[in-house]
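Undergrad: Before I ask anything, let me first share the structure, which is written out below as structure tokens.
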Amino acid sequence: MKKLLIFLIVFISFFLGGCRTSSEPITVSDFALDTYVSVTVYDARHEDTARKALDLCSDYELLFSMTNPQSTLYELNHSGFLKDSVELSDIIYGALEYCRISHGALDITVSPLSSLWDFTSAAPSVPDNNDITDALKTVSYDNVSLIDNAITLQNGASIDLGAVAKGYIADAMRDYLVENGVKSAIIRLGGNILCIGSKPDGSDYAIGIEKPFYAGEVSECLLVSDYSVVTSGIYQRYFEENGILYHHIIDPSTGYPVENNLYSVTIVSPSSFTADCLSTACFVLGLEEGIALLDTIDNAYGIFITSDYEIYYSEGAKQFVK
Ligand code: AMP
Ligand code: MG
């Protein structure tokens with residue numbers, strides 16, 4: 001009898017052990033959207049789902065890329081009119097709202113300026129001031145009109161979704177993962193992080209805010225579940241010329257990189273799209289106006305790092321700090 005009991009215990013433990021799902025994290029990664037992208041899932045059975053979610057990045061790149069001649073956005077920018085692209089209309093519709101509430105600090109028609117500055121080229125340089133003045137003439141989100149999925153660009157305007165697309169795509173990847181049964185995961189698209197649920201043991205994810213210009217060092221550690229954490233910073237894409245640092249966040253009123261005392265703005269919000277729009281908008285607005293804007297928006301919090309590495313928080317943001 002005792003032997004039978006021991007056998008049964010060993011058998012049941014072995015059987016359960018064999019069936020147990022591993023909650024060891026598995027990460028799949030790629031280079032897409034001009035950055036390092038990855039999905040981490042906490043269940044080995046979801047590796048394939050994670051890979052399919054990651055593949056969505058290239059699908060969306062074909063819709064939203066400003067530079068790929070095959071993309072839907074490229075077609076819109078070069079013809080000035082496009083109808084029936086539901087997702088392009090959707091992201092533009094959503095982004096226009098943030099252009100409005102930030103009074104044009106976020107302006108998706110910065111495209112001619114982004115092309116002039118060309119931060120992704122191998123050897124970027126400061127554009128000619130006359131070219132910047134010319135480019136500025138078409139920059140205004142008022143030039144974008146959207147009626148029933150028909151998008152029209154007036155006055156030669158063109159669109160750059162670089163400030164908002166990663167957030168939109170991260171949300172779409174989250175929806176795909178959740179629809180396919182994933183309960184715990186982290187999506188990373190460069191500086192955009194989106195956490196699904198909490199970790200399998202119920203604890204929060206620890207997300208570090210990078211110390212600007214100190215790769216690998218962390219300025220602040222946040223604890224979040226079911227939130228997105230998105231950072232816009234001057235250290236992410238920049239070049240130096242004659243001792244001056246030029247970075248990729250453009251002030252749509254001057255055509256030049258924003259000059260304020262900010263190094264980075266991190267937004268925490270359940271929607272990665274909201275966080276992405278607001279991170280760029282608040283960066284352009286600066287510390288005071290950025291915080292004032294966030295304090296009018298539900299469930300969006302900001303952490304601002306200034307050039308002297310001081311950290312400032314919008315109302316409620318400290319709840320995430322470890
Ligand atoms: P992010 O890293 O989300 O702040 O987005 C920065 C990217 O958005 C840049 O690389 C440009 O492509 C684009 N961009 C730069 N300045 C602006 C702006 N003021 N409004 C909208 N998009 C911008
Ligand atoms: Mg952004």
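The values are calculated or read from the model by the stated rules, or taken from the named source; none is laboratory data. This is a predicted model, so every value here is computed, not measured. Every residue, glycine as well, gets a Cβ built from its backbone with ideal geometry; the counts of neighbours run over all protein chains shown.
Undergrad: Hand me the list of strands (runs of 3 or more DSSP E) wholly inside the range 224-322 holding 2 or more residues that are on the phi < 0 side of the Ramachandran plot, away from ligand 2 (no atom under 14 Å from the Cβ) and not charged (D, E, K, R).
TA: 238-241, 244-247, 301-306, 311-313
Undergrad: Here's another thing I want to ask about it. It is to be established whether one or more residues within the range 135-155 are touching a Ser or Thr at 6+ places or on another chain (Cβ under 6 Å), modelled with pLDDT of 95 or more, surrounded by fewer than 17 Cβ atoms within 10 Å (Cβ to Cβ) and of a type in the set (Val, Ile, Thr).
TA: Within the range 135-155 (the criterion being touching a Ser or Thr at 6+ places or on another chain (Cβ under 6 Å), modelled with pLDDT of 95 or more, surrounded by fewer than 17 Cβ atoms within 10 Å (Cβ to Cβ) and of a type in the set (Val, Ile, Thr)), the answer is yes, since at least one residue qualifies.
Undergrad: Only one of (1) away from ligand 1 (no atom under 16 Å from the Cβ); (2) buried (at least 17 other Cβ atoms within 10 Å of the Cβ); (3) over 30 Å from residue 178 (Cβ atoms) fails for residue 224. Which number is that?
TA: The single condition residue 224 does not satisfy is (3).
Undergrad: State which residue is surrounded by the fewest Cβ atoms within 10 Å (Cβ to Cβ) when the search covers only the range 237-274 and only residues that are under 19 Å from residue 302 (Cβ atoms) and small (Gly, Ala, Ser).
TA: Top of the filtered list is 271.
Undergrad: Inspect all residues belonging to the range 42-60 and state whether any of them is modelled with pLDDT of 95 or more, touching a Pro at 6+ places or on another chain (Cβ under 7 Å) and buried (at least 18 other Cβ atoms within 10 Å of the Cβ).
TA: Yes, because at least one residue in the range 42-60 is modelled with pLDDT of 95 or more, touching a Pro at 6+ places or on another chain (Cβ under 7 Å) and buried (at least 18 other Cβ atoms within 10 Å of the Cβ).
Undergrad: Taking residue 208 as meeting all but one of (1) part of a strand (DSSP E or B); (2) farther than 17 Å from residue 305 by Cα; (3) free of Cβ contacts under 8 Å to residues at least 40 places away in the same chain, write down the number of the exception.
TA: It fails just one condition, (2).
Undergrad: Let me ask you something else. Quick check, is residue 297 touching a helix residue (DSSP H, G or I) at 6+ places or on another chain (Cβ under 9 Å), within 16 Å of ligand 1 (Cβ to nearest atom) and farther than 30 Å from residue 115 by Cβ?
TA: no
Undergrad: Ok, one more. Restricting to the range 275-297, give me the number of residues that are of a type outside the set (A, V, I, L, M, F, W, C) and surrounded by 24 or more Cβ atoms within 10 Å (Cβ to Cβ).
TA: Looking only at that region, the number is 4.
Undergrad: Scan the range 221-255 for residues that are out of contact with any helix residue (DSSP H, G or I) (no Cβ under 9 Å at 6 or more places or on another chain) and charged (D, E, K, R) and jot them down.
TA: 226, 237, 240, 241 - these are the residues of the range 221-255 that are out of contact with any helix residue (DSSP H, G or I) (no Cβ under 9 Å at 6 or more places or on another chain) and charged (D, E, K, R).
Undergrad: Look through the range 161-193, keep the residues that are polar (S, T, N, Q) and surrounded by fewer than 24 Cβ atoms within 10 Å (Cβ to Cβ), and return whichever of them is nearest to ligand 2 (Cβ to nearest atom).
TA: Across the range 161-193, the extreme among qualifying residues is 184.
Undergrad: Being surrounded by 15 or more Cβ atoms within 10 Å (Cβ to Cβ) and touching a strand residue (DSSP E or B) at 6+ places or on another chain (Cβ under 6 Å) is the filter here, so list the residues in the range 200-218 that pass it.
TA: Selection gives 204, 205, 207, 208, 209, 211, 212.
Undergrad: Moving on. Go through (1) under 13 Å from the mean Cα position of the chain (by Cα); (2) away from ligand 2 (no atom under 16 Å from the Cβ) one by one and return the number of the condition residue 196 breaks.
TA: (1)
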